[in-house]
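K.L.:
The structure is given below, and queries will be raised subsequently.
The values are calculated or read from the model by the stated rules, or taken from the named source; none is laboratory data. Source: prediction; values computed, not measured. Methodologically, a virtual Cβ is constructed for each residue, glycine included, from the backbone with ideal geometry; neighbour enumeration extends over all protein chains shown.
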Amino acid sequence: MHPAAGPIAHGLIGRHLRITDLDDAYAALLGIAPDAATGRPVIDFLHPDDRSAASLILDRAWADGQATSATCRHRHADGRAIWVNVYISRIGSGDGQRLVVTCRPLPPESDLPSTVEAQWQMARLLIQALDGGKRAFGDSLIGNPATEILLLTYVAEAEARAVRAGDLATRINVSWSLTQRWLAALANGGFIEAELPGPIHHDTPVRLSPRALAMIEAIFGALIAVVQGSLVPA
């Protein structure tokens, strides 16, 4: 793990992911006065390439209250990208509910991908490997519909896209009836959730459950740590 490149910073995020308070260390990290950040969307201070995935992480932290951490890039007032580790947790209730962000700046020479980007790359790499294996050896030896459904749904969420059940069937090249059975099994197992009530149909958007997302991110975090020598904290 890299040593911190500056003092640990703290901030509070309110509803609609808008900043409610920053300490002096966070304001200095962003190159602005604390009052200038109050009320502004958090994504204004994130690198454009990290905004979609970071918004997904923040939305989930707000919805389920589960603490999470990530490596991402803040955007300084002068346009520089600053690598940071952030730890996010939810406090309070009702109108007083807030996300608490603890930010640990990383050395400026770090050229590591953010956690969300690295995990997205890992998922796409595994999908490509499965596709190649299926072409070489056939679906019966390499294909695993459940694994492919989870990976494709993860990639869609990381890219802030909705994915429909029918699109998954087309993508994994499996009949709709069989895909529907796999989706039902994954839903019953608590790994995916339908965006609409009732049975999963061709046009039903699906998403990963918080449980599945946490499991996949833990697996990817461990793989990335091995590949990169534990340089990207999960």
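K.L.:
Looking only at the stretch 183-194, filter to residues that are part of a helix (DSSP H, G or I) and small (G, A, S); which one of those is surrounded by the most Cβ atoms within 10 Å (Cβ to Cβ)? Step through it out loud before you land on a result.
P.N.:
Keep residues of the stretch 183-194 that are part of a helix (DSSP H, G or I), which gives 183-188.
Going one step further and asking which of them are small (G, A, S), we end up with 184-185, 187.
Values: A184: 14, A185: 14, A187: 16.
In this case the residue turns out to be A187.
K.L.:
Residues in the stretch 9-18: is at least one at pLDDT 85 or above, among the hydrophobic types (A, V, I, L, M, F, W, C), assigned to a helix (DSSP H, G or I) and under 22 Å from L213 (Cα atoms)?
P.N.:
Yes, there is a match, as at least one residue in the stretch 9-18 is at pLDDT 85 or above, among the hydrophobic types (A, V, I, L, M, F, W, C), assigned to a helix (DSSP H, G or I) and under 22 Å from L213 (Cα atoms).
K.L.:
Would you kindly identify the helices (runs of 4 or more DSSP H) lying entirely within the stretch 138-182 that contain at least 3 residues that are closer than 15 Å to V206 by Cβ?
P.N.:
Result: 145-158, 165-172.
K.L.:
Now for a different question. Select, from A81, A77, A37, the only residue that is of a type in the set (A, V, I, L, M), out of contact with any strand residue (DSSP E or B) (no Cβ under 6 Å at 6 or more places or on another chain) and farther than 18 Å from P210 by Cβ. Don't jump to the end; show me each part of the working.
P.N.:
Numbers: A81 fails: out of contact with any strand residue (DSSP E or B) (no Cβ under 6 Å at 6 or more places or on another chain); A37 fails: out of contact with any strand residue (DSSP E or B) (no Cβ under 6 Å at 6 or more places or on another chain).
Step by step, each of A81, A77, A37 is checked, and only A77 is of a type in the set (A, V, I, L, M), out of contact with any strand residue (DSSP E or B) (no Cβ under 6 Å at 6 or more places or on another chain) and farther than 18 Å from P210 by Cβ.
K.L.:
Another one. Which condition number in (1) modelled with pLDDT of 85 or more; (2) surrounded by fewer than 19 Cβ atoms within 10 Å (Cβ to Cβ); (3) touching a strand residue (DSSP E or B) at 6+ places or on another chain (Cβ under 7 Å) is the one that A146 fails?
P.N.:
Of (1) modelled with pLDDT of 85 or more; (2) surrounded by fewer than 19 Cβ atoms within 10 Å (Cβ to Cβ); (3) touching a strand residue (DSSP E or B) at 6+ places or on another chain (Cβ under 7 Å), only one is false for A146: (3).
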